[in-house]
Structure formats: C-alpha cells, structure tokens
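The values are calculated or read from the model by the stated rules, or taken from the named source; none is laboratory data. None of these values were measured; they are calculated from a predicted model. Note: ideal-geometry Cβ built from the backbone for every residue, glycine included; neighbour counts use all protein chains shown. Only protein heavy atoms, including side chains, enter the accessible area calculation; ligands, DNA and RNA are left aside. Shrake-Rupley method; radii C 1.70, N 1.55, O 1.52, S 1.80 Å.
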Amino acid sequence: MTAIVWFRRDLRLHDHVALHAAMLTDDPIIPVYIVEESLCRSAVVGDKRLHAHFAAIASLCDAWAQLGGRLLIRHGSPQQVLCQLVQETGADKLFFNRDYTPEARMRDELVSEVLSSHGVFVHTCKDLVLHEPGEIMTKQRTPYAVFTPYRRVWQTLPKDRPFPQPTTVNLFDRLKELASETVPTVEAFGRKRPIGTEWEMEQFGERAARKRLQQFLDEDIYTYKEKRDMPGVNATSRLSFALNAGTLSIRTVYHSVQEVLASAQGEQVASIEAFLTELIWREFYQQVLYFHPHTTDHAYLPQFETVAWENRKDFFTHWCQGETGYPIVDAAMKQLNETGWMHNRLRMITASFLTKDLLVDWRWGMAYFAQQLIDFDEAANIGGWQWSASTGTDAQPYFRIFNPVTQGEKFDPDGAFVKKYLPVLREVPLQYIHKPWDMPEHIQEQAGCKIGFDYPIPCVDHAQRRKLAMALFQEAKDRHAKT
Ligand SMILES: Cc1cc2nc3c(=O)[nH]c(=O)nc-3n(C[C@H](O)[C@H](O)[C@H](O)COP(=O)(O)OP(=O)(O)OC[C@H]3O[C@@H](n4cnc5c(N)ncnc54)[C@H](O)[C@@H]3O)c2cc1C
C-alpha cells in the first residue's frame, strides 16, 4: 500500500493537510509536483511569476531532501503523470489539497475520475482556506454576495489548528530510484530570469515565508490599520505570495495572529483585527468565484456587462508601461513591472484609472495583473478588478471614481513612493509631485523635468473622463433595464 501526495499551490512541509492525512495511513509516501509545460510556456504567465513559483518548488525540494526524502518532479498532464506513477509504484492512494478555481476544479475532477477508475482511492483536503466555499451560507442556503455579513459569520466559526512540522516521514522505499526531472527554471522555458538579490531562490521558500510572518507580527501588525494604505511605507505583511503558493499555511498565519491579539492593547487590537479582515476578504472572494465561475470573464453585475469600453490600445500601453502622465498610477505600474507586486491601495487606484479614466475593459487589466503579479490569485484578482470596475459583488459604486491626484496626495503625502519609482520626478517640489503638469516652466527647468519631454503630459483629462465613464455606466444600466 502506497500513498501519493500531489503538491500544487501548497509548497511547504509545515501544516500540509494532505501530507498529514497521508501520513495517518502509515503507508509509504511518494511526494510529487507536476509541471504543466503548456502553462509555463504561455504568455499568460510572466517571467517573474514563473520564477517565484519555481523558486518555491526548489525550496520544497530542499525541505524534502533534509527529511531524507525527495520531491519527484514530473512534466505532463496531471492525470497522465499520476496514472503513470501509479503503474510504476503500485500506489493505491492519492492525496491532495483542494483548489477552488473553475479550471483547477475541472482538472481535479478529471484526475479523481481517472484515478478512481484505476482503483486508486482519492482523498482531497481543505487546506488553502480556513472556511471553504459552501461552509458559510445565508439562512436561505445561498452564497453571500455582501462582505460584512459573511465576515460576521466567518468570525464566529471555530478554526482548525495547524499540524506540526513532520520530522520523519515513512517514504516509499524506491523513491530515490524513480525518474524525476530537475527543478524547473525559467530559462528552460525560454524566459528571462529576473536579476537581483530579491529574486534569489531562498526568498520564495517556506523558511523565508515564516521569517516574513514573524517580522510582521513583531512590528508592523500593530500599526497596520494606520499605515496599510500608505504605499511609501512598507507596512503591510507582504504575505500574499506565500499564501498563494502555499509556502505558508493560512492556519499558521491565523493562529499566530490570534496569539499576538491575545496580548494586544488599545489601538493595537483594532490594527490586528483590520489585518484579520483582509484574510477574510481572501476567503470571501474564493467563495464568490466558486459559486459564480462566469466571473472569470463576465461582470458579476449583469447591468454592467455591456459597458461600451473605448479599449484604446495606445492608452492600455501607456498604462502597462507606467506612462499615463499621472504619477501615482505610473509609479504603481513601475512597481508592478519591476517587483511583481503592487500595494493594495495602488491596485485599486490603477484598476480604477484603467477602467474609469482610460475606459479600457477591466478584463484587459485583470489579464495584465495575472501575468505580472507573483502573488497572482485568480479569485482575489477577479474580486479586486470587479470591485474597482464597479462590476462585482459588493463593489465600489460606479459613480465613486478615484481622482488620481487626490489619491496620490492623500496616500503618498510626501511623494516618497512616486519619487522611488519615478526618479525623473525626484527634484519636483512637493506641491506639484502628484500633478507635475501644473509646474511653471522655470520650476520644470529647476527640477530637471520638462513635462512632455522628461515625463509625459497626462494622456487624459480626469474631470472629463469621469463624466464620460459615469455616462457609459448609466447607459449600460439603462440598456439592461429595458431587456
Ligand atoms: C485590482 C486588484 C487585484 C488584486 N489581485 C490580487 C491577486 O492576484 N492576488 C492576491 O493575493 N491579492 C490580490 N489583490 C488583493 C490585495 O491587493 C493583495 O492581496 C495585497 O496587496 C497583498 O499584499 P500583502 O500581502 O502585503 O497584503 P496585506 O494587507 O498584508 O493582507 C494580508 C493578506 O490578506 C489577503 N488580502 C488582502 N487584501 C485582500 C483583498 N482585497 N482581496 C483578497 N485578499 C486580500 C492577502 O492574502 C494578503 O496577503 C488584488 C486587489 C486589487 C484591488
């Protein structure tokens, strides 16, 4: 009797529910990761995102080696690879953690069907979230579409505790003889490896994730509420990659936060609770996507499905490259392009700007984020985009449109963030930092920043575009009402 444990977006050994369940059987274990080549070659996934994921796999390989084992790496379609492995080893059980996106569910259903038909017992586990889709429903047994009542129920439910890190695992005796590919690299897929110490492999593993969590719990969590909206201050947890690749377990995060909360006082309590609320948003969006799979490429709110987006390619290119002429938007896009991560406030500002100022379809922006973000998570990305575009569940109303100048002034008051990513604006006086086009000529000269030459003229006029956006949304709403 042998159990295969299939690692996917749970690239760790600590508190791995499927691994723990397999270990309870006392059967020898074969850990495997399957590289889906078509995805690795696809333009849908950017170099940085792929590199970060491969680095996390490399770290998991090391962790298995330290346990005296080995993570098998195989390429191909999951059902073929797993059937082949069953044939080679006589394994009779397959364990994996559930994933809730529409594509993952289709893949997993197929795998379960094929392996079950070969007599393999397939066991799936809840691991990615504390409360999975379907656990929290309204009294009418419908999924929640509004966050606050969902959150209230979420907070009342008991939470699973993390399992301890395994120190020994009963491994399949021929594990080291089984064929395995080397750890994948981006270069092997014709991609460019990002350069710099922040891209070193160990930055993306389980150990780095735990260290990051500890650093956050030691300090920034206490001021999270006050500073979380300030992109110039590194005050959020930066745990999104770890939570999405699974180098950190959500139970570990949740219970560590609870420990800190138990001894917190005054304002600290509100700050820690604000952080916990973000973890609930993560689960809220998982269930929205699970119950509304059409939201991958359709508006959740049908009245906004037919907004007449202008979809100008030149505007979209300006946005992607951070050359719109609005500093907070441009600096944010540079942050994304350079680091593969963007601060949450900036994700909201850039998404709002693309949809409401440039009048480009939210699906274009969503796809660009999916390609560039190392912390890409389909449910959170769709949720964030549809919220910003006013097409989603519990979304920003369409007539509340972020002003990129006042957003910059409010959330980057000293211009530190803008100056970091747009060095050409470094000498621009503070009063103009979020609207450099207002600089008189002589100040442009003093600042070494000629507008239209060193830094672009705004590609649209916010006040005009705001009116146009509201009219287009209203038209779509009226059209829908007539159908
Ligand atoms: C347009 C848009 C696109 C987004 N795309 C993604 C994405 O692809 N992947 C992703 O993980 N998050 C996404 N988010 C949510 C959020 O911006 C990131 O989770 C957050 O910026 C990650 O940084 P952090 O870990 O420091 O967050 P923290 O503020 O420290 O939050 C802690 C954790 O809570 C979760 N979280 C926080 N905010 C949200 C949120 N609004 N929705 C869901 N979960 C949240 C994340 O897991 C995060 O790591 C998106 C938001 C918007 C507006």
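Worth a mention:
- Helix 102-117 and the longest principal axis of the C-alpha atoms of the chain enclose an angle of approximately 10°.
- Under 12 Å, Cβ to Cβ, from residue 372 - net charge with Lys/Arg +1 and Asp/Glu -1: +1
- Take the Cα of residue 298, step 7 Å toward its Cβ, do the same at residue 65, and the gap between the two points is 4.9 nm.
- FRET E, pair residue 481, residue 446, Förster distance 41 Å, beta-carbon r, rounded to 0.05: 0.15
- Student exercise, the chain dipole from Lys, Arg, Asp, Glu Cβ charges, in Debye to nearest 20: 660
- For the chain, the longest principal axis of the C-alpha atoms and the axis of helix 206-218 are separated by about 50°.
- 222 nm mean residue ellipticity, helices alone, for the chain (DSSP H n ≥ 4; -39,500 (n - 2.57); rounded to 500): -14500 deg cm²/dmol
- Once the C-beta distance of residue 260 and residue 234 is scaled by a Förster radius of 25 Å, the resulting FRET efficiency is 0.85 to the nearest 0.05.
- Cut-off 15 Å, label 7 Å out along Cα→Cβ of residue 36, residues of the range 84-103 by amide N: 97-103
- Put a dot 7 Å past the Cα of residue 311, heading toward its Cβ, do the same for residue 92, and the two dots end up 5.5 nm apart.
- Checking every one of the trypsin sites (Lys or Arg not before Pro) in the range 127-232 against DSSP loop status and a limit of 11 other Cβ atoms within 10 Å picks out 139, 141, 192.
- Pairwise centroid distance, computed over Cα atoms, of the range 1-41 with the range 271-300, Å: 26
- On Cα atoms only, tilt of 378-388 relative to the major axis of the chain in degrees: 20
- Accessible area in square angstrom per residue, the range 120-188, 1.4 angstrom probe: 60
- Among the listed pairs 225/435; 48/192; 159/225, those whose Cα-Cα separation exceeds 18 Å are 225/435; 159/225.
- With contacts taken as Cα pairs under 8 Å at a separation of at least 6 residues, the range 302-482 carries a relative contact order of 29 percent.
- Once the Cα-Cα distance is subtracted from the 0.36 nm per residue extended length, the residue 135 to residue 453 segment shows a gain of 108.9 nm.
- Unit charges at the beta carbon, dipole of the chain: most positive-side option, 60, 276, 89: 276
- Each other residue within a Cβ distance under 10 Å of residue 240 adds +1 if Lys or Arg and -1 if Asp or Glu, for a net charge of -1.
- The chain - percent relative contact order, Cα under 8 Å, separation 6 or more: 17
- Within the chain, percent of DSSP bridges classed antiparallel, to nearest 5: 5
- Rg then Dmax, both in Å and based on the Cα atoms of the range 234-351: 18.2, 53.
- If the segment from residue 207 to residue 192 were pulled out straight at 0.36 nm per residue, it would be longer than the present Cα-Cα gap by 2.9 nm.
- 3J(HN,Hα) from dihedral phi, the range 69-76, Karplus parametrisation 6.51/-1.76/1.60, rounded to Hz, x for glycine, proline: x, 6, 8, 6, 10, 10, 10, x
- The relative contact order of the range 3-127, computed from alpha carbon pairs under 8 Å that lie at least 6 residues apart in sequence, is 33 percent.
- Among 13, 43, 101 - extreme Cα towards positive end, dipole of the range 3-127, charges at beta-carbon: 43
- Amide H to amide H distances under 5 Å link residue 94 with 4, 121, 122, 123, where only residues 5 or more positions off or on other chains count and H is placed in the peptide plane.
- Only Lys, Arg (+1) and Asp, Glu (-1) charged, at Cβ; the range 3-127 dipole about Cα centre in debye: 320
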